[in-house]
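Chemist: Here's a structure for you.
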Amino acid sequence: MEAVAEGPGDKVADGAAKGTASIKSKFLTTKEKFHEFLDSKTQDSKEGKVSDNDVPNETAETSAEEPEAKKLKLDPEENNKSRKPDGKRVRGQNKSRPHMKPTTYDDKQLCLSVIQENKKCFYGEKCKFFHDVAEYMANKPADVGERCYIYDTFGKCQYSLSCRFAKAHTSPDLKNVVNEELVKAREGRTVVKNSLDKDLQNRLRKRSVSFKKSAEYLKTISKDNKEKTEQQGNGEACAAEISTENPEGEELHASGAAETQLQVSEEKQNLVKTVGPLTDADIVRLRPCEKKQVDFKDKLYLAPLTTCGNLPFRRVCKRFGADITCGEMAMCTNLLQGQQSEWALLKRHETEDLFGVQVEGCFPDTMTRCAELINNNTEVDFVDINSGCPIDLVYKKGGGCGLMTRSRKFEQIVRGMNYVLDVPLTVKIRTGVQEKCSIAHKLIPEMKKWGVSMITLHGRSREQRYTKLADWDYINTCSKLASPIPLFGNGDILSYEDAMKARETGVSGIMIARGALIKPWIFTEIKERRDWDISSGERLDILRDFTNYGLEHWGSDTRGLEKTRNFLLEWLSFLCRYIPVGLLERVPQRINERPPYYMGRDYLESLMASQHVGDWVKISEMLLGPVPKNFNFLPKHKANAYK
């Protein structure tokens with residue numbers, strides 16, 4: 001849950017505790033009665049006595065009991081209990097949570113040669129997979145549903161008999177059925193772009209990919225550094241540089257020498273003799289003003305969300321009115337190594353008409369090469385630098401928020417990426433590293449000189465993470481400093497009222513992160529300027545769409561189905577924070593207000609309000625069938641989920 005500034009014991013005028021959402025008294029209940037109701041309805045549903053529209057007939061007369069507050073510090077005795085047998089402390093759900101890979105649940109698979117209807121298996125007698133279709137079908141888990149979304153959409157399911165909806169496209173003689181009309185209608189259409197080509201992956205692994213533009217830029221940096229070293233050795237001052245000190249004691253400056261070297265290299269290129277007709281692209285490099293332009297103004301920007309911001313989730317948000325989408329943060333070094341899992345983060349669906357990718361790195365050479373790689377091998381509208389990531393893994397090596405305190409490296413990265421890119425370069429930052437020492441306002445004027453096309457500012461520091469509200473007054477100040485470059489504000493937007501207040505600050509647009517996870521229809525609310533009292537049935541339809549998109553993206557076999565389930569459960573750990581508009585005493589819900597225990601208007605609405613992992617699993621079973629044996633899940637982020 002979101003941390004709040006107020007303590008749980010403080011009272012307000014309406015009788016509810018501070019930091020707790022105000023819900024109509026007739027819906028309030030206690031923790032015990034809430035779970036007792038869900039458990040009883042679950043038992044009844046197994047016996048066929050309950051429907052999704054059953055309304056709970058009893059609510060508590062007293063105010064709700066709050067969820068237990070998180071303990072900031074452990075007592076010595078409790079501290080010892082929280083240690084592992086080897087004496088090390090248990091370090092949060094993200095580092096020691098029980099987690100099983102989706103591949104674990106697929107004991108023995110059907111051989112790919114059978115699925116793709118090839119006559120010969122590459123592995124021959126050494127193959128460990130099933131070749132006997134009848135034997136495989138006897139051991140295969142039961143089908144989840146009667147209809148296959150992939151078959152209904154594309155006319156052919158590439159997962160054939162291994163699909164968990166195989167009944168929909170399997171003939172009596174166990175052959176994969178194909179709808180020729182649908183296949184022909186979609187012929188030549190690329191639904192998902194930016195997949196990693198096998199040849200490119202091999203060349204990346206062998207380090208045989210050429211980075212000509214990057215080499216040109218990096219050569220100028222090395223020459224610039226060599227000249228400075230010589231000048232320092234001779235005791236000469238570099239009078240051409242104008243430096244300003246930042247709070248960390250580093251210098252903010254423009255690398256004039258690097259620009260000069262680049263201009264010289266361009267002039268030399270123009271003097272090269274060529275044969276045949278010349279085009280502008282042969283002899284002229286695009287200037288920043290001639291690059292592909294993107295109109296960012298007055299757009300709703302779905303933030304690049306790690307884990308939950310996957311392609312199926314972005315499709316859901318796109319359907320509800322998100323204007324700009326961005327892939328999850330990708331590590332530049334992993335992209336340069338050709339890692340399939342990292343390249344998957346760059347995939348773009350055909351519905352994403354304004355799409356960018358976000359990369360993270362801390363060195364000019366790797367970031368510049370990565371930008372050139374993306375520029376030459378993917379279709380994107382912009383590239384974003386993540387200089388706001390607060391996690392230790394990224395920050396301690398100098399990436400994410402660490403770039404804000406390493407301004408010289410930051411400048412070299414921005415200038416280098418701008419040099420090799422044909423699309424706009426954007427940057428996402430926080431207010432700073434320390435809570436009481438904001439430095440964004442000092443960096444923004446410098447970033448304008450470096451050639452950034454757009455800046456996104458999250459109104460919190462690294463230290464704050466998600467404690468306290470975002471500082472929109474500071475965002476307003478920074479938006480004036482950034483002009484005429486567009487600056488997007490980010491933080492605490494959960495309703496169209498929040499969005500309207502944010503737009504009053506003068507920002508060019510707003511980025512929505514947790515608000516979209518809690519209610520993806522927020523984009524519709526903002527555009528239509530209303531609070532949508534969405535029903536539980538409509539919310540379940542949204543989840544059904546997500547699972548269909550997930551099966552299309554990750555696969556409809558057991559492996560793909562369980563991967564879809566994992567991502568659905570990660571998302572449900574945020575969705576449970578939503579409180580239906582019809583239940584609120586005061587509209588709208590605030591992002592820093594946690595929901596008390598309440599009964600929904602029907603069983604499904606109550607089930608969706610549960611913060612218990614087991615109840616999220618029940619929702620997943622409605623859409624993806626029963627979970628495998630020994631299934632275990634805890635959310636990746638530190639949600640208020642208890643066992």
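The values are calculated or read from the model by the stated rules, or taken from the named source; none is laboratory data. Because the structure is a prediction, the values reported are computed rather than measured. Heads up, the Cβs are rebuilt from the backbone with ideal geometry, glycines too, and the neighbour counts pull from every protein chain shown. We work out accessible area using only protein heavy atoms, side chains counted, and drop any ligands, DNA or RNA first. Shrake-Rupley method; radii C 1.70, N 1.55, O 1.52, S 1.80 Å.
Chemist: If residue 401 satisfies every condition in (1) in contact (Cβ under 8 Å) with a residue 60 or more places away in the chain; (2) part of a helix (DSSP H, G or I); (3) open to solvent by 10 Å² or more (accessible area, probe 1.4 Å) but one, which is the exception?
Modeler: With respect to (1) in contact (Cβ under 8 Å) with a residue 60 or more places away in the chain; (2) part of a helix (DSSP H, G or I); (3) open to solvent by 10 Å² or more (accessible area, probe 1.4 Å), residue 401 is out only on (3).
Chemist: Going through region 152-172 one residue at a time, which ones are over 20 Å from residue 627 (Cβ atoms), of a type outside the set (A, V, I, L, M) and more than 28 Å from the chain's Cα centre (by Cα)?
Modeler: Passing the criteria: 152, 155, 156, 160, 167, 169, 170, 171, 172.
Chemist: I'm trying to understand the selection: among the residues of region 491-512, which are touching a Leu at 6+ places or on another chain (Cβ under 9 Å), open to solvent by 10 Å² or more (accessible area, probe 1.4 Å) and either farther than 18 Å from residue 296 by Cβ or at pLDDT 95 or above (or both)?
Modeler: 492
Chemist: Here's a follow-up. Looking at (1) in contact with a Leu (Cβ under 6 Å, 6 or more places away or on another chain); (2) farther than 25 Å from residue 321 by Cα; (3) open to solvent by 10 Å² or more (accessible area, probe 1.4 Å), find the lone condition where residue 616 falls short.
Modeler: Residue 616 satisfies all of (1) in contact with a Leu (Cβ under 6 Å, 6 or more places away or on another chain); (2) farther than 25 Å from residue 321 by Cα; (3) open to solvent by 10 Å² or more (accessible area, probe 1.4 Å) except (3).
Chemist: Looking only at region 518-549, count how many residues are open to solvent by less than 10 Å² (accessible area, probe 1.4 Å), assigned to a helix (DSSP H, G or I) and touching a Phe, Trp or Tyr at 6+ places or on another chain (Cβ under 6 Å).
Modeler: Residues meeting the conditions: 3.
Chemist: Then there's this: Give me the residue from region 352-383 that is among the polar types (S, T, N, Q) and outside any helix (DSSP H, G or I) and, out of that set, nearest to the chain's Cα centre (by Cα).
Modeler: Ranking the qualifying residues of region 352-383, first place goes to 358.
Chemist: Within the group 215, 168, which residue is touching an Asp or Glu at 6+ places or on another chain (Cβ under 7 Å), surrounded by 13 or more Cβ atoms within 10 Å (Cβ to Cβ) and without any contact (Cβ under 8 Å) to a residue 60 or more places away in the chain?
Modeler: 168
Chemist: Collect the residues in region 377-426 that are within 23 Å of residue 307 (Cα to Cα), at pLDDT 90 or above and among the charged types (D, E, K, R), keeping them in residue-number order.
Modeler: Of everything in region 377-426, those that are within 23 Å of residue 307 (Cα to Cα), at pLDDT 90 or above and among the charged types (D, E, K, R) turn out to be 379, 381, 384.
Chemist: Next question, about the same structure. Which of (1) open to solvent by 10 Å² or more (accessible area, probe 1.4 Å); (2) aliphatic (A, V, I, L, M); (3) under 17 Å from the mean Cα position of the chain (by Cα) is the odd one out, the single condition residue 336 does not satisfy?
Modeler: (3)
Chemist: On to the next question. Could you list, in sequence order, the residues of region 564-612 that are surrounded by fewer than 20 Cβ atoms within 10 Å (Cβ to Cβ), part of a helix (DSSP H, G or I) and of a type in the set (Val, Ile, Thr)?
Modeler: 581
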